[in-house]
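Here is the structure we will look at, set down as structure tokens.
Throughout, read-outs are computed from the coordinates displayed, never taken from laboratory work. Keep in mind the model is a prediction, meaning the values are calculated, not measured. Neighbour counts are summed over all protein chains in view; Cβ atoms, including those assigned to glycine, are modelled from backbone coordinates with ideal geometry.
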Amino acid sequence: MKQVVLGPTFEVRTGLDAEEGSDRLEAVLREHAGGLECRRTGGHFLVSIGRERRHFWSPWLTFELCGHADGGSGGHGRFNPSPGVWTGFMLAALAMITVAGAGLVWAFAEWTLNRPMHGLWAGLAGSVGVVALLLVSASGQRLAKAEMDEIEGVVRGVFAGSA
């Protein structure tokens, strides 16, 4: 069975302490020949494709590097669309879920009054909208696959020899 993933994730383990790993990652990302953009706050990174190559479907990586008790560190990365696209997607999903739920409540009220359940049409429309959004999400991930692989490869390459 195929799993629906709204934000693909990956994990990285390294023998470097969190500060040294963060500094190394920032330096590599800023000098990357492919033109990646990087914003850093402590061990938290927001990485995207450079403006000249960025598209509507280009992924943004949120990466967090944290220290461990053994002196090493580990990172967790999650890919999502740009913040504007993600916000629009979530608002559309919320709207579709609201329409589906309201339609079902409306249909239940009509059922208790022994009337035709026209509210089921709204419930169906909202459900179809949610499925459509999931399909759009899956196609967006396919379009962004090469860029996600590029960004993940750069991040993994920074920590490859230090695990």
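Put a plus charge on the Cβ of each Lys and Arg, a minus charge on the Cβ of each Asp and Glu, and nothing anywhere else: the dipole of the chain about its Cα centre is then about 660 debye. Given (1) 43, 35, 34; (2) 69, 40, 31; (3) 75, 36, 30, which label gives Cα extents along the principal axes in Å as computed from the coordinates? The value matching this structure is (2).
For region 86-134, the calculated P(r) over all alpha carbon pairs, in 5 Å bins from 0 to the bin holding the longest distance, is 6, 27, 24, 18, 11, 8, 5, 2, 0 percent. Among the DSSP helices (H) of the chain, those spanning at least 18 angstrom by Cα along their long axis with an average Kyte-Doolittle hydropathy of -0.5 or more are 83-112, 119-159; this is a geometric and hydropathy rule only. By the beta-carbon count within 10 Å of each Cβ, the least crowded to most crowded order of Met96, Met117, fewest first, is Met117, Met96. The calculated Kirkwood hydrodynamic radius for region 6-82 is 13.0 Å, given to one decimal from all distinct C-alpha pairs. Only Cα pairs under 8 Å and 6+ residues apart enter the sum, and on that basis the relative contact order of region 1-150 stands at 21 percent. In terms of other Cβ atoms within 10 Å, Ile151, Ile97 run from fewest to most in the order Ile97, Ile151. Here the label points at Arg78 and Trp121, each 7 Å from Cα along the C-beta direction, are separated by 3.9 nm in the simple model.
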